[in-house]
Structures are given as structure tokens and as C-alpha cells.
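Chemist: One structure is given below, represented as C-alpha cells, and several questions about it will come after.
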Amino acid sequence: MNSQTEQIYQGVLKRDPDEKEFQQAVYTFLLSVDKIIDELPDVTYHKVLERMVEPERVIMFRVPWTNDEGKLEINRGFRVEMSSALGPYKGGLRFHPSVNLSIMKFLAFEQVFKNCLTGLPMGGGKGGSDFNPKGKSDLEVMRFCQSFMTELQRHIGEDTDVPAGDIGVGGREIGFLFGQYKRIQNKFVGVLTGKGLDWGGSQIRPEATGYGLVYLSDAILEDRKMTLEGKTCLVSGSGNVAQYTVEKLLDLGAKVVTLSDSSGMIYDENGIDREKLKYIMVLKNVQRGRIKEYAEKYKGVTYIPRNPSEPNPIWNIKADYAFPCATQNEILKEDALNLVRNGIKLVGEGANMPCSQEAEAILTSSGVLLAPAKAANAGGVAVSGLEMSQNSQRVQWTREKVDSELKNIMHNIYKNISEAAETYSTKDNFIDGANIASFIRVARAMIAQGYV
Ligand code: NDP
Ligand code: 2IT
């Protein structure tokens, strides 16, 4: 890196020494920005990068709630309002025991540039809690959500900050959170996205991240005269993003042979068909079971438990394309080497930052097409943006309309990141393309709006 970007990175290391995930997200971003920073004297003069790595506001709060035994439990709540340069803060809420300030800040940082790529007027933020929804009753989850929102409500609003779901936050949690916001504020407004269809939600929002991932990956392949039809795909995770990635891959004629959760993975040589996918949706979304049960139900399926000290076996299965849809850093150096050795041709990042920086470097330098998270999983927040528009107009669009808008947005993202890659980096370097295209736009808005 040149001296300016290196200085920004050293500043982050010094200021946020324990925030490994945030440092990682900033570092990979700066590697791209480095390629154009010398051509942008205004960015340097107005200290745009220095401002970008410092959230506009960080909110941390106590979340007390009572469990089913009547005992008090205390969790920590967060909302990182990273940038409002392009619109109200926008981004999901994650409920997972691993949640800490570093994870919140990395996700909020990524969100700023992802939201920019959608072309919709949204700034970036992220929030959540170290609350673990696993094994909790619906009433416990409700009491937690109500307490969480009792504090969060004073900081958000339909024109200020609009949260949505992420890991551990789906339709059930958004419902409880929305109910409490409405009760305290006495306002029925689009303050959250991912709402139910009968109470202000948008068609296609649950599907949007997975569908968008496949639309963008398909656009990349199509441009190279490659297809999804008949190809073998690896998908990790088994939550919202993974499920609808599988659904759209099936629509386009691909064969999906894996899924996983934090306990292990399944390998189904015969392929996960629609009936099996329906079973997974009930297992995961209604029964809240484990992926292992899939291997107990269907014949010829292998279950491999996860051993975190070893490379992830899911990335060592021969396939054409891979779609990591679980969590950050699920593809490390050894996993990337396994993917390359097995001849993978495309990696589409459904999760946020699923590849370590080393893994990304191995994949791209081996000629693997890599669709980076900022672009590849932007479909979810894009349809959230469309949900905000529908709420403001008090209308609800048809499924066909939202799906066609989503397709358009993903195709535009592909166009923008591939053009930026060709102009400022090398053809097919979509990581640089996504970082640079969004950086330039956010920087321009920040310069125009003065020192705020
Ligand atoms: P869900 O909670 O619906 O599903 C998460 C899945 O990933 C589960 O299968 C979960 O397994 C697995 N997982 C979570 N944490 C870990 C971990 N530490 N190690 C291994 N497996 C893990 O979340 P989503 O599907 O919504 O989110 C998945 C990814 O996609 C995340 O990176 C999220 O940030 C990203 N994303 C989500 C969007 C959305 O609209 N929902 C939009 C854009 C990106 P288990 O049940 O065992 O925890
Ligand atoms: O990471 C993400 O883009 C999301 N979790 C979705 C955010 C949103 O506001 O829909």
C-alpha cells in the first residue's frame, strides 16, 4: 500500500487494536482504494478515508430481560451508525453469541459500500446483540426483542435509521421488534424492513439475498459464455440466504450437493431437490432443528460434524461453483487451496466477508471468478430499499415487479463493478471493482456535504 492508505490502516490498528474483523474489512477495502488514491487529491485533502473508518455514531446499551424461569438475564445491544452520506442509516440486526463491537463495525463498514452499489438512497449501519436465540422459547425471544427495542427506538426512525434482519433475526424477530416500536412511538411506519406481507412488508424480501446472489453470479457467468445449468454447486449455511440461494439455483437448472450449520455439513450426492428444500425450510424456520436431521431423513446423504481446528470439509468437495452463505471467515487459506485444487470456477459470496484476505488472494490469483459480498449479497438490502419506498408511498408492489426490479439492480451492479474493474484494476477483479465504484460515490457525497 502507498503511504497514505498505509497510514489510515495503521491508525485503525492503533485506535481499535482488538477489532480484528473491522481491521480486516478496512484492510481489504484499502488494498483496492490504494489503486486510485493518487488520482483523487480531493479525497486526500478532505480526509475522506480518515472519516470513513470512524463511525458517525456508536450506540451500546444494556438489554435486561427475564427468561421462562423468571430469572433476569442481561445482554449487550449495539447499533453502529456508520455513514449517512447517501441516505438514512440502513442495515441488519444480528443476534448471535459472537456479536461484539468489532463484528458490528465490520458489518456496518461493508454495508455503507454495499448499499451504495444498489443505487438506492441508503446510508450504512448495523446492529444486534450477543443474545443467543438458539434453544429459547418464542416468549423469551419476544421479551428479549421488546427490551432491545425499548432502548433502540429512541435512536431509529423511518427517515433516520432503518434496521432489518441478519443472522438470528428473521420474520419472527422483526415482528416482535416492530410491535414494540409501534407501541412506544404510536406510529405505524417503515422503521424496519423484512416485515410480514400483511403489515407493510415487501414481496420477495425473504428471497432477495439468495435470489440476488444467483442473479449476479449468473450475469458474471453469462458474460463468459458459462452457465449454471447442469453444474454442481456447494452452498454453506442453511438459513435465510442459503435456502433461497438453493431455490434460485434449482430454478436455473443447477445441482446443489451441500448445506451446513455451525455443527456440521451434509453432502447429498443426488442433489437437494425441491421437496428436500421444502423439508429444510420447515426444519430450520419452524422446528429450528439441526442440519444433521436431513442426513437421518434421506438415504445416501453423508453428515460430517464440524471440527473448527481442521479445514472445513464443505470446501473440499468437487464442484463447479461455491456459494458461502453462513458467516464471516468461513473460507480460510487451506479451504481456498482445496477449492482451487478441486477446480472451482466461481465463488459467490452470500455471507458478509466469508473469505479471509489470504483466501481471497489465492482464489483470485488462481483465476477463480470471485463475486464479492458487497456486490453479491446486495439483493437483500436492495429489496429492503424497495420496501422503504413502498412504505413511504403506502403501496404494495406485486411479486413480479419486485423480482424484476431486483434483477435490474443486480445486473446494474454487475455492470458497474465490471466497468470499474476494467478501468481501475484488472478485468475480472470484482473485489477492486466493487470497492472502487462505491468508494468514489460515497467520497463524492462526503466532500459535497462538508465536514460532518
Ligand atoms: P440465518 O440466521 O438465517 O442463518 C445463518 C446460517 O449460518 C445458519 O445455518 C447458521 O448455523 C450458520 N452460521 C451462523 N454463524 C455461524 C458460525 N459462526 N459458524 C458456522 N455457521 C454459522 O442468517 P442469514 O442467512 O440471514 O445470514 C447468513 C449470512 O448472510 C451472514 O453472513 C449475513 O450477514 C449475510 N447476509 C444476510 C442478509 C439477509 O438479508 N439476511 C443480507 C446479506 C448478507 P447455526 O444455525 O448452527 O447457527
Ligand atoms: O448484510 C445485509 O445486507 C443484511 N443483513 C440486510 C440489511 C437490510 O437492511 O436489509
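The values are calculated or read from the model by the stated rules, or taken from the named source; none is laboratory data. Treat the numbers as computed from the prediction; the structure is a model and nothing was measured. Here Cβ is always computed from backbone atoms with ideal geometry, including for glycine, and neighbour counts include all displayed protein chains. Areas reflect the complete protein model, heavy atoms only, side chains present, ligands, DNA and RNA absent. Shrake-Rupley method; radii C 1.70, N 1.55, O 1.52, S 1.80 Å.
Chemist: Being more than 18 Å from the chain's Cα centre (by Cα) and among the small types (Gly, Ala, Ser) is the filter; apply it to the range 189-234 and report the residue that is surrounded by the most Cβ atoms within 10 Å (Cβ to Cβ).
Modeler: In this case the residue turns out to be Ser202.
Chemist: Of all residues in the range 155-213, count the ones that are away from ligand 1 (no atom under 16 Å from the Cβ) and closer than 17 Å to Phe131 by Cβ.
Modeler: Summing the residues that are away from ligand 1 (no atom under 16 Å from the Cβ) and closer than 17 Å to Phe131 by Cβ in the range 155-213 gives 1.
Chemist: Quick one: in the range 352-376, of everything that is open to solvent by 10 Å² or more (accessible area, probe 1.4 Å) and within 11 Å of ligand 2 (Cβ to nearest atom), which residue is nearest to the chain's Cα centre (by Cα)?
Modeler: Asn352
Chemist: Select from the range 49-73 the residues that are open to solvent by less than 100 Å² (accessible area, probe 1.4 Å) and more than 17 Å from Ala25 (Cβ to Cβ) and list them in ascending order.
Modeler: Ile59, Met60, Phe61, Val63, Pro64, Trp65, Thr66, Asn67, Asp68, Gly70, Glu73
Chemist: Now for a separate question. Just name the residue that is nearest to ligand 1 (Cβ to nearest atom) out of those in the range 115-147 that are farther than 19 Å from Asp159 by Cβ and open to solvent by less than 10 Å² (accessible area, probe 1.4 Å).
Modeler: This residue is Gly128.
Chemist: Restricting the first residue to the range 317-337 and requiring it to be more than 9 Å from Val347 (Cβ to Cβ), which pairs with a second residue that is open to solvent by less than 10 Å² (accessible area, probe 1.4 Å) and β-branched (Val, Ile, Thr) meet a Cβ separation below 6 Å and a spacing of at least six or different chains?
Modeler: Every condition considered, the pairs that remain are Cys325/Val235; Cys325/Thr245.
Chemist: Output the residue which, of all residues in the range 326-350 that are within 13 Å of the chain's Cα centre (by Cα) and open to solvent by 10 Å² or more (accessible area, probe 1.4 Å), is farthest from ligand 1 (Cβ to nearest atom).
Modeler: For the range 326-350, the residue satisfying everything is Asn329.
Chemist: Can you tell me which residues in the range 32-55 are touching a residue at least 60 places away in the same chain (Cβ under 8 Å) and of a type outside the set (Ser, Thr, Tyr)?
Modeler: Correct list: Val33, Lys35, Ile36, Leu40, Asp42, Val43, His46, Val48, Arg51, Met52.
Chemist: Identify all residues within the range 397-452 that are of a type in the set (Asp, Glu) and open to solvent by less than 80 Å² (accessible area, probe 1.4 Å); write none if there are none.
Modeler: Of everything in the range 397-452, those that are of a type in the set (Asp, Glu) and open to solvent by less than 80 Å² (accessible area, probe 1.4 Å) turn out to be Asp403, Glu405, Asp428, Asp432.
Chemist: Does Ser389 qualify as being within 16 Å of ligand 1 (Cβ to nearest atom) and surrounded by fewer than 20 Cβ atoms within 10 Å (Cβ to Cβ)?
Modeler: no
Chemist: Continuing with the same structure: Would you say Gly237 is within 21 Å of Trp315 (Cα to Cα) and within 16 Å of ligand 2 (Cβ to nearest atom)?
Modeler: Here the answer is yes, as Gly237 does meet what is asked.
Chemist: Quick one: would you say Gly230 is of a type outside the set (D, E, K, R) and in a loop (DSSP other than H, G, I, E, B)?
Modeler: It is true that Gly230 is of a type outside the set (D, E, K, R) and in a loop (DSSP other than H, G, I, E, B).
Chemist: Separate question: Exactly one condition in (1) in contact (Cβ under 8 Å) with a residue 12 or more places away in the chain; (2) not in a loop (DSSP other than H, G, I, E, B) is not met by Glu222; state its number.
Modeler: (1)
Chemist: Could you please find all residues in the range 252-280 being in contact with a helix residue (DSSP H, G or I) (Cβ under 8 Å, 6 or more places away or on another chain), touching a residue at least 24 places away in the same chain (Cβ under 8 Å), surrounded by 15 or more Cβ atoms within 10 Å (Cβ to Cβ) and not in a strand (DSSP E or B)?
Modeler: Residues satisfying the conditions are Leu252, Ile272, Leu277, Ile280.
Chemist: Would you confirm, using the coordinates I've provided, whether Ser84 is within 16 Å of ligand 2 (Cβ to nearest atom), over 26 Å from Ala445 (Cβ atoms) and at pLDDT 95 or above?
Modeler: Considered against the rule, which asks whether it is within 16 Å of ligand 2 (Cβ to nearest atom), over 26 Å from Ala445 (Cβ atoms) and at pLDDT 95 or above, Ser84 comes out as no.
Chemist: Have a look at Ile304, Ile280 and point out the one that is hydrophobic (A, V, I, L, M, F, W, C) and either in contact with a Pro (Cβ under 7 Å, 6 or more places away or on another chain) or over 26 Å from Lys136 (Cβ atoms) (or both).
Modeler: Ile304
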